[in-house]
Amino acid sequence: MSTPRATPVIDQQLTAAPLVPWQLVVWDDPVNLMSYVARIFRTYFGYPKEKAERLMLAVHNEGHAIVATGPRETMEMHAQAMHGFGLWATVRRADQ
């Protein structure tokens with residue numbers, strides 16, 4: 001008795017999904033001081049004082065700021081870190 005042979009599919013085209021950047025969004029909250037938020041941006045992300053303060057003011061005045069952009073896993077890691085510092089943060093696709 002012979003074993004049936006599988007016919008390989010050669011015409012099938014495999015393409016990788018494009019790498020879509022993700023954004024870390026930090027939201028305004030009624031608890032944290034503005035100086036604390038700026039300090040977290042400086043110490044965690046290593047941003048210069050001017051950039052940290054500009055982002056902190058965007059969080060305060062506009063209600064949120066995009067603090068970082070990159071791969072989804074990295075942004076999720078940053079969001080967890082922000083939660084650990086007591087900040088409200090979410091991750092979203094950059095094309096939204």
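The values are calculated or read from the model by the stated rules, or taken from the named source; none is laboratory data. The shown structure was predicted, so the numbers you read here are calculated from the model rather than taken from an experiment. Methodologically, a virtual Cβ is constructed for each residue, glycine included, from the backbone with ideal geometry; neighbour enumeration extends over all protein chains shown.
Being under 15 Å from the mean Cα position of the chain (by Cα) and at pLDDT 95 or above: is that true of residue 60 here?
Spelling it out, it is not the case that residue 60 is under 15 Å from the mean Cα position of the chain (by Cα) and at pLDDT 95 or above.
Taking only the range 82-93 into account, find how many residues are assigned to a loop (DSSP other than H, G, I, E, B) and either at pLDDT below 95 or among the hydroxyl-bearing types (Ser, Thr, Tyr) (or both).
Count: 0.
Against the condition of a type in the set (A, V, I, L, M), surrounded by 15 or more Cβ atoms within 10 Å (Cβ to Cβ), at pLDDT 95 or above and under 16 Å from the mean Cα position of the chain (by Cα), how does residue 52 come out, does it pass?
no
Restricting the search to the range 50-81, which residues are under 23 Å from residue 19 (Cβ atoms) and assigned to a helix (DSSP H, G or I)?
Passing the criteria: 72, 73, 74, 75, 76, 77, 78, 79, 80, 81.
Would you mention how many residues in the range 18-49 are closer than 18 Å to residue 86 by Cα, under 14 Å from the mean Cα position of the chain (by Cα) and not in a helix (DSSP H, G or I)?
Number of matching residues: 4.
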